Amino acid sequence: MEMGAPKDTTRDDGSVTSWKRPLAAAAAGMVIGLIIAYGVWSFLRTGNPTYIHVDYDGLDAYYSTAFQPIQHRPYPAFDPELFSGDAPERRFGFDFARDVQHRWRLVAVGDIMAHDSLQISAFTRRNAPDETAGGYDWLLADAKPVISDADLAIGNLETVVSTRFPRQGFPTFNADPLYLKALANLGFDVMTTANNHILDFDAEGLRDTEANLTARGLAFTGTSGAPQRRLRIEVASREAAEPLSIGIISYTDYINGKGLHHIRHRDALAEVNYLCINKHWTFRTFVEWFAPSTCRTNEASFFEGIAAAIAALREDGADYVAVFLHRLRANQFFPSEQERRQAAELAKLGADAVITTGSHTIMPVERIYTRDGEVRAKPDGASREHLVIYSLGNFVSTQGGASAYGLVAQINIGRDRDGRFSHSVTPLFAKSDLTIEEFQRGTQSRKLEIYRLHMMDFDAFLAEIQRPGKT
């Protein structure tokens, strides 16, 4: 090497000399450390987003600012395959497969949401003629003929109802107890409470919700306030000589919250019929370490728990058992192979009906036949019929696209002369209609999104979603 020439910084193979390796390693370590730190922060974070206080013409509430846009994002359009073929209505309903002597009508609806604009919509109609529930009567009125005509009407209450916390919309829900009054006025009898939002305000919110349901004469199942977490109800019908004893149980496979939040509030977690299966390892590990026995963490124990609940309902005198499942698998239109297999297994365990919510979209309806504890491809003279609804979608919400619609299933439970059950399903549909209204306050005006539920039959529903340009 010549005197004064710069030192060669590369080897013959072009690699960086040893003094640069530690620097590169340190930089890589910093990047990895930042990624890990962000992951830990994201996992442990339990705080709510920023909320703004709304006081407009007497409206006194808190609503999310950071998360509100999710209600206006592009929601998926319906999968065209859902309505393909010569008779798409058969995916959502059918007649009895055998002659029946007695009939009971059950109406099941999906997720009863409490987005901020729903609560504001009700508030704007609080002084409407004949209004008794703070505007919620007006909001839901179109469903009253269907709900009130049922021998038993069931919905999934996907909100907390408490007066000790501020009114809130997405991502944590809390509604006025007058919402429950309106649901009772419609003719609802039962609410399922096992869903991912029931612990939005921890155990206190859950207990307040259960107390408010009881105060409004609404039975519920899915949380610890229900006796043995299950419900048996005697259902009378004009088309049956005697009442039918129906057992109802509900479960959720997800509850909102980060891992640390669930550890801190594991007592509340234990109050929900919670089937935490198929979750990522960190969640399952934390729950199993710090909150044992709060959920079932594999499919075998899931079926074991369901079988025990069905057997207990039979011992209580239930003739017919309906299992409600809340699954957090959003924006899907067909069941997965796992969901179909699990529905068949529940039928084999003795569930007469398996009804699912949580996807915020509607999915098909079908019948399953079993005999001697095994699924049969076709019915025969000794087989048992089971009803499966893979998702009811939303009953009322502010979600758009396909999520603006929900299946309102009119289920006729028939019994033949041999005591076997059969089902017919008439599909009706609920849509959360949106209009923009301008409200004046002195010299100032404000535009508000106003939602109202609208009912339609299958033909009207199909015509609407197939209109040119319809999303």
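Nothing in this text is a laboratory measurement; each read-out follows from the coordinates by a stated rule. This structure is a prediction, so every number in the text was calculated from the model and none was measured. Here Cβ is always computed from backbone atoms with ideal geometry, including for glycine, and neighbour counts include all displayed protein chains.
To the nearest 20 debye, what is the magnitude of the charge dipole of the range 88-465 about its Cα centre, counting +1 on the Cβ of each Lys and Arg and -1 on the Cβ of each Asp and Glu?
Values: 42 positive and 49 negative charges, 115 e Å.
So the magnitude is around 560 debye.
Treat the range 386-425 as a sphere of radius equal to its Kirkwood radius over Cα pairs and apply Stokes-Einstein at 20 °C in a medium of 1.002 mPa s; give the translational diffusion coefficient in µm²/s, rounded to a whole number.
Working: Rh = 12.2 Å.
The diffusion coefficient I find is 175 µm²/s.
So for 391, 117, fewest C-beta neighbours within 10 Å to most, what's the order? Before the final figure, lay out each step's value.
On the way: 391 28, 117 21.
The order, fewest Cβ neighbours first, is 117, 391.
With only alpha-carbon pairs counted, each pair once and no self-pairs, how large is the Kirkwood hydrodynamic radius of the range 88-465 in angstroms? Please report the intermediate quantities before stating the final value.
On the way: mean 1/r = 0.0473 Å⁻¹.
Here the Kirkwood hydrodynamic radius works out to 21.1 Å.
List, in the order given, every pair from 348/431; 144/447; 181/431 whose Cα-Cα distance in the structure shown is over 32 Å.
On the way: 348/431 34 Å; 144/447 29 Å; 181/431 21 Å.
From 348/431; 144/447; 181/431, over 32 Å: 348/431.
So what are the ³J(HN,Hα) numbers for the range 316-333, from phi and the Karplus equation (6.51, -1.76, 1.60; θ = phi - 60°), rounded to whole Hz, Gly and Pro as x?
For the range 316-333, the Karplus-derived couplings read 6, x, 6, 7, 9, 10, 10, 10, 9, 10, 10, 10, 8, 9, 6, 6, 9, 10 Hz, x marking Gly and Pro.
Over the range 325-404, with a single point scatterer placed on each C-alpha, what log10 of the ratio I(q)/I(0) does the Debye formula yield at q = 0.16, 0.17, 0.21, 0.26 1/Å?
Calculated log10 I(q)/I(0) at the listed q: -0.60, -0.65, -0.87, -1.17.
Using a/c under 1.5 as the rounded threshold, could you call the range 135-247 rounded, prolate or oblate? The axes a ≥ b ≥ c are square roots of the C-alpha gyration tensor eigenvalues, and prolate needs a/b larger than b/c, oblate otherwise. Present the calculation step by step, with values, prior to reporting the outcome.
Values: a/c = 2.60, a/b = 1.43, b/c = 1.82.
Oblate, since a/c reaches 1.5 and b/c is not below a/b.
Sorted from fewest to most neighbouring beta carbons within 10 Å, what does the list 118, 206, 462, 139 look like?
Numbers: 118 30, 206 22, 462 14, 139 27.
Final ranking by Cβ density, sparse to dense: 462, 206, 139, 118.
Give the Cα extents of the range 398-471 along the principal axes, in whole Å, largest first.
The Cα atoms of the range 398-471 stretch 72, 31, 16 Å along the principal axes, largest first.
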